[in-house]
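This report refers to the structure that appears directly beneath it.
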Amino acid sequence: MGKIKTTGSYRGKSNRLGGGGRFAQVEAEAAARGASNPAAVAAAAGRKKYGAAKMVKMAVAGKKRSLRHAHHNTGNHVYPHAHGTTSKA
């Protein structure tokens, strides 16, 4: 595999640990090499390097970050605990 950048960003995701950029780079590399499920390859590599607990912690943080910024793209307010209910602001 190629060298994974640890600074800057990759496709809009931070390359800092937990930012999603490193995961995206590994996923893209796996896809380029013909992996049938590149996200699974990246997840397995991350679990091997960081352990299952830390990978879960980073995934939860990414989900929270994603939900927090979801309404900026649609103009709707997203209420994650209201089963996907949205309302115009």
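The values are calculated or read from the model by the stated rules, or taken from the named source; none is laboratory data. Owing to the predicted nature of the structure, the values given are computational and were not obtained by experimental measurement. Heads up, the Cβs are rebuilt from the backbone with ideal geometry, glycines too, and the neighbour counts pull from every protein chain shown.
The residues of the stretch 9-40 that are in contact with a helix residue (DSSP H, G or I) (Cβ under 8 Å, 6 or more places away or on another chain), surrounded by fewer than 13 Cβ atoms within 10 Å (Cβ to Cβ) and at pLDDT below 75 amount to a single one, 11. Pairing each residue of the stretch 19-40 that is closer than 20 Å to residue 65 by Cβ with any residue that is of a type outside the set (D, E, K, R) and surrounded by fewer than 17 Cβ atoms within 10 Å (Cβ to Cβ), provided the two are 6+ apart or on different chains, yields C-beta distances under 6 Å for 20/62; 21/9; 21/14; 22/4; 25/4; 27/39.
Yes/no per residue for (1) under 11 Å from the mean Cα position of the chain (by Cα); (2) at negative phi; (3) of a type in the set (Gly, Ala, Ser):
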{"site": "15", "(1), (2), (3)": "yes, yes, no"}
{"site": "23", "(1), (2), (3)": "yes, yes, no"}
{"site": "27", "(1), (2), (3)": "yes, yes, no"}
{"site": "31", "(1), (2), (3)": "no, yes, yes"}
{"site": "36", "(1), (2), (3)": "no, yes, yes"}
{"site": "45", "(1), (2), (3)": "no, yes, yes"}
{"site": "48", "(1), (2), (3)": "no, yes, no"}
{"site": "60", "(1), (2), (3)": "yes, yes, no"}
{"site": "64", "(1), (2), (3)": "yes, yes, no"}
